Structure formats: structure tokens, C-alpha cells
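Student: Attaching a single structure in C-alpha cells format; questions to follow.
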Amino acid sequence: MAERLIISISGVRGIVGENLTPSVASDYARGFGTFLKDSSGGKEKVSVCVGRDSRPSGEMLKEAVVEGLCSVGVDVIDLGLVTTPSVGIMLRDLRCDGGVVITASHNPVQYNGIKLLLGNGIAPSSEAAAQIKQYFGNKQFSDVDSAGLGEVTSNSQSDAIHIDKVLAIVDKDLIGAKNFRVVLDSVNGAGGPITKKLLAEVNCKVTAINDEPTGLFAHTPEPIAENLTGLCEAVKAEHADIGFAQDPDADRLAIVDGKGNYIGEEYTLALAAEYIFSKKSGSAATNLSTSRMIDDIAVKAGGKVYRTAVGEANVAGAMVEHNCVIGGEGNGGVIDLRVGPIRDSLVSIVLVLQLMAETGKTVEELARQIGGYYMSKEKFAADESEAAQILNAAKKLFAGAKLDATDGYRFDFDDGWVHLRTSNTEPVMRLIVEAKDKVAAQKYIDAVSDIRKEIVG
Ligand code: MG
């Protein structure tokens, strides 16, 4: 049976040729364009930047989106094949009212999606996302006559502008003097060309694998340990200082150390924060499912961490509200507001290289210095009523813990924490547990497992 089209806070995602067709893409763009016009306060002309990742279906869906936007009178600036953060940066640079990225992020090639950004460069809030969904669902489109159609222009400056903004937050010459040997795995996504240019700017000796943006992913694209064995081997073979793995739209980054070991996606944000907090005080923001490492780093520097519901828009929104110096998500997505309120693997790369250059330490040493925890992430099937019962039972069981009920329940203990939440996109619950060691974590995992067995069976 075909999966249903998923319409969530960040846009739509589906399988090309099954539920994600050009007509769906065009209608979704018509709904988004109409929403932007209605919320623009009567602005004469509304404009949107459109980019796509490297998937073979990207060009077709982009054309459909452009057509939909023009039909409701929205001007389009076509950025071509670019990373997701490039779209976020360009829409602000060009003062557009919104952005659209044709990408299904880390999902396999048969998927594609349409990710939306508002004029501030951030994905819509849940309220705005619900409104856009209504425009689309109700086919509430303000079509225009031929005189009012949107116009399409192209812009090929994304790489140059994006790279300039990223280099402005580090000392290019200091990194350049180190001649780091880097292996880059862009999984044939959008990241290869721009990231090679960035690394050349900081004088790295780069071995790029899977760098052609064909969309024919050389391995399963999510940048997690099991998919990065090729990168680990290449780092060893090249005697590289570090290996970087991007997801197909290049907002997430995972790191392999100089010994060829995958250090875990949670360390990307931790290392970036380690650098930022070595330079300034201030606060950070991250979601409730992200490791405590960032709290340790921030507290050491006299700062604090704001925790939000899971979702890039929530983290970016909190960062803007509290003027955070760093933020992001534990899945390898780092946000630095000086570049833009969007997860950006290029930002992560330069911050980590800068940290290595300044300290003279290897990735292994830096990760060891930060320390670490044992973390477990799992999901299990639970419908709405079961999920509510599980949350209630957990609240009773963990009555002694500090409770945060922003997004499901997060229970904080002295030696660890438990985050139980329902997924936004599937009928499952996610359980994330982090503790000082495996034994301590297992105690919490087992406790939730007992509750789950009693309620779900
Ligand atoms: Mg992504």
C-alpha cells in the first residue's frame, strides 16, 4: 500500500510518482503563495526563492512549484541546485517573503518533499504551518489573470554569498595555515560542490567522495554510523585529520575522527558549542532530545541552554528570541545566527576546523575533553490514546524528576534524563534516554519498557 503524503510543520514529503506528483507540488505552492500574499499586509508584489537538492525528481517538482507560485502572482527567484541553508541565506539576502526547497532531506531517493521557509529564514511555526495546510487542503488559491502572473528570474550567486557568510565567522587564515587533510562525503546530495569550494578557501587538502550531485545516493543517505563505513575507511586510507558527512540537503553534518571512527552526531553541536563558548558568553538553544553535553559546555562558560520542542523552527525561534550565540539539534544540525537561523553543515565544518586550529588538538582529543554520555534513541508503535496513557504512567513513576512538558514529557534526573514524545509524522512514540553510563540508562529504558508492555502489550 502506498504511504500517505505527509504534511507536517516543515512542508510535505512523499514518494515521487505515488503521492508526490507535479499537480500536488503545484497546488502546495499555490497554497503557500496565497498564504504569503494574505499575510504580507497588502504588499504589491510577493517574492519567493526556490532551490532544490540533487534528486532526479527535483527539477520536475521545482518546475511545478514555480508554476504554482507564478499562477497566484508570486515572483520567483530560481536558485537552481543548492543546499537547504543556501536557500535560507539567499531569501534573506534578496529580501524575499519566503523560500521553498525541493528536498526530502535524509530520506531515500524515491522520496522528495517541499520544505517551506518564511521571510525571516525560519520554517513556519506550527500555527503558520496549520494555516498553509488549510490553504492547500481547501484549494484556497488566489489565482491571478495574465497581467498579474509572477515573473521568474534566476540567481547563481548562492554558493558565493553562502560561503562569504560562513567564512566571516571564523579566522580563514588561521585554519588555512594548518593545511588540514579532510575527507568529505556529500552522499551525491547538494552539498558537494559548495563544500569543496568552502574547504578550498580554508586551504584544506580534500578527498571528496560521492561529491557529484546526481541524487543517486551512493549509500543510505542519513549520516549515521551504519551508513558511513566508506567515509571511515577513506579517512584511514588518506591519513586525514577529519571526515565530514553531509545529508542530501546539507543541513546536517556528522564527523569521523582522524582514526576513522564515527564520533556520533551529537558531537557536531557539542564541538561547535565548545568553540563558540571558548570565545564568548551567552546562551544556547536546542531541542529536548539533544544531549546534555551542550549544557555542560554552556554552564562551564557561565551560560545557559534554552530547551524547545523538537523541530528546527522551534530551536531557531528560541535562538532569535533569546539572542543565542549557538544552537541546533543533536542530529548534527548546527545553527549560528550570524550566518542564518537555519541548520547549516558548512557552519558546523568551519566551527570545528577553527576549534582544531586554535587548540592544536585532534578531534579525538576534543571529543574526549568534552566527555560524553551513553545515549539510546528508539521508537515504538503507540496510537494517540496509548501514548497519553504511557505519558501519564511515566509521570507517576518518575514523580521525583524535574519535568518539562513542552513536547511530550522530559524527565531530568541527576544522572540522566528521559524524553518520551509522540512523533509529528508517524503513529509512534520516541524514547530518548541519556545517562552517565549504559547501566544507568538501562534502568530508565527498562522502566519505560515495563509501562509500555502494560499499556500496548
Ligand atoms: Mg537535511
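Student: Please turn the phi angles of segment 150-156 into ³J(HN,Hα) values with the Karplus equation 6.51 cos²θ - 1.76 cosθ + 1.60 (θ = phi - 60°), one per residue in order, whole Hz, x for glycine and proline.
Tutor: Each residue's phi maps through the Karplus curve to give x, 9, 10, 10, 10, 9, 10 Hz.
Student: Counting only C-alpha contacts under 8 Å and six or more residues apart, can you give the relative contact order of the chain as a whole percent? Numbers along the way, then the final one.
Tutor: Working: 1047 pairs, mean separation 55.0, N = 457.
It comes to 12 percent, rounded to a whole number.
Student: For labels at Glu59 and Asp415 in the simple 7 Å Cα→Cβ model, what's the distance in nm?
Tutor: That separation, rounded to one decimal, is 5.9 nm.
Student: Still on this structure: Rounded to the nearest 20 Debye, what is the dipole magnitude of segment 82-207 about its Cα centre when Lys and Arg each give +1 and Asp and Glu each give -1 at the C-beta? Kindly include the intermediate steps, with their values, before the conclusion.
Tutor: Values: 12 positive and 12 negative charges, 99 e Å.
So the dipole magnitude of segment 82-207 works out to roughly 480 debye.
Student: Compute the Rg/Rh shape ratio of segment 253-322: radius of gyration over Kirkwood radius, all on alpha-carbon atoms. Show your work: numbers first, answer last.
Tutor: Details: Rg = 12.6 Å, Rh = 12.7 Å.
Computed over Cα atoms, the ratio is 0.99.
Student: Each residue of segment 402-416 in order: what ³J(HN,Hα) in whole Hz does its phi give by Karplus 6.51 cos²θ - 1.76 cosθ + 1.60, θ = phi - 60°, with x for Gly and Pro?
Tutor: Here the 3J(HN,Hα) series is 7, 9, 10, 10, 5, 8, x, 10, 10, 10, 9, 10, 4, 9, x Hz.
Student: Using alpha carbon centroids, what distance separates segment 239-283 and segment 379-457, in Å?
Tutor: So the separation of the two Cα centres works out to 28 Å.
Student: How many angstrom separate the Cα center of segment 318-368 from the Cα center of segment 56-119?
Tutor: A separation of 25 Å, based on Cα centres.
Student: Please sort through the DSSP H helices of the chain and keep those with an alpha-carbon extent of at least 18 Å along the long axis and a Kyte-Doolittle average not below 0.5.
Tutor: Numbers: long enough: 22-38 (24 Å, -0.25); 58-71 (19 Å, 0.44); 266-279 (21 Å, 0.38); 345-359 (21 Å, 1.78); 384-397 (20 Å, -0.24); 438-456 (25 Å, -0.04).
Result, helices passing both filters: 345-359.
Student: Okay, moving on. Going by average Cβ density within 10 Å per residue, which order do the peptides 354-364, 291-301 take, highest to lowest?
Tutor: On the way: 354-364: 17.4, 291-301: 20.3.
Result, highest mean Cβ count within 10 Å first: 291-301, 354-364.
Student: On the Cα set of the chain, report Rg and Dmax in Å, please.
Tutor: So, for the chain, Rg and Dmax equal 21.8, 68 Å respectively.
Student: Then there's this: What is the antiparallel percent of DSSP beta bridges lying wholly in segment 175-329, to the nearest 5? Don't skip to the answer; put the middle values down first.
Tutor: Details: 5 of 22 bridges.
For segment 175-329, the DSSP antiparallel bridge percentage is about 25.
Student: Here is a further query. Once you treat every alpha carbon in segment 218-269 as an equal point and sum by Debye, what is log10 I(q)/I(0) at q = 0.15, 0.26 Å⁻¹?
Tutor: Relative scattering, expressed as log10 I(q)/I(0), comes to -0.34, -0.98.
Student: Using only the Cα atoms of segment 315-457, what semi-axes does the equivalent ellipsoid have when each is the square root of 5 times a gyration tensor eigenvalue? Give whole Å, largest first. Write out the running numbers ahead of the final one.
Tutor: On the way: eigenvalues 218, 74, 35 Å².
So the equivalent ellipsoid measures 33, 19, 13 Å along its semi-axes.
Student: Under a 5 Å amide H to amide H cut-off, with H placed in plane at 1.01 Å, what residues pair with Gly303 once short-range neighbours are removed?
Tutor: Gly282
Student: Here's another thing I want to ask about it. If each Cα of segment 380-457 is one equal point scatterer, what is log10 of I(q)/I(0) from the Debye formula at q = 0.18, 0.25 Å⁻¹?
Tutor: The calculated log intensity ratios at q = 0.18, 0.25 Å⁻¹ are -0.67, -1.26.
Student: In Å, the Kirkwood hydrodynamic radius of segment 102-243 over pairs of distinct alpha carbons? Walk me through the numbers before you get to the answer.
Tutor: Numbers: mean 1/r = 0.0539 Å⁻¹.
That comes to 18.5 Å for segment 102-243.
Student: Okay, moving on. Based on Cβ point charges of +1 for Lys and Arg and -1 for Asp and Glu, what charge dipole magnitude is obtained for the chain about its Cα centre, in debye rounded to the nearest 20? Could you put the intermediate results ahead of the total?
Tutor: Values: 47 positive and 62 negative charges, 157 e Å.
Value, rounded to 20: 760 debye.
Student: Calculate the tail of P(r) for segment 168-267: the fraction of all Cα-Cα distances greater than 17 Å, expressed in %.
Tutor: Working: 2367 of 4950 pairs.
More than 17 Å apart: 48 percent of the Cα pairs in segment 168-267.
Student: If you don't mind, there's one more thing I want to ask. Starting from segment 400-457, pick out the trypsin sites (Lys or Arg not before Pro) whose DSSP state is loop and whose Cβ has at most 16 other Cβ atoms within 10 Å. Present the calculation step by step, with values, prior to reporting the outcome.
Tutor: Details: sites: Lys402, Arg410, Arg421, Arg430, Lys436, Lys438, Lys443, Arg452, Lys453; in loops: Lys436.
Answer by residue number: Lys436.
Student: I would also like to ask the following. Suppose we keep just the alpha-carbon trace of segment 166-227; what are its Rg and Dmax in angstrom?
Tutor: When restricted to the Cα atoms of segment 166-227, Rg and Dmax are 13.0, 36 Å.
Student: Here's something else I'd like to know. How big is the dipole moment of segment 1-157 about its Cα centre under a simple scheme where the beta carbon of each Lys and Arg is +1, that of each Asp and Glu is -1, and everything else is neutral? Debye, nearest 20, please.
Tutor: Values: 14 positive and 17 negative charges, 76 e Å.
Computed about the Cα centre, the dipole is about 360 debye.
Student: Considering only the chain, what is the antiparallel percent among its DSSP beta bridges, to the nearest 5? Before the final figure, lay out each step's value.
Tutor: Numbers: 45 of 77 bridges.
Of the beta bridges lying entirely in the chain, close to 60 percent run antiparallel.
No lab work stands behind these numbers, since they all come straight from the coordinates. Everything numeric here is computed off the predicted structure, so don't read it as measured data. Virtual Cβ from ideal backbone geometry, glycine too; neighbours counted across all protein chains shown.
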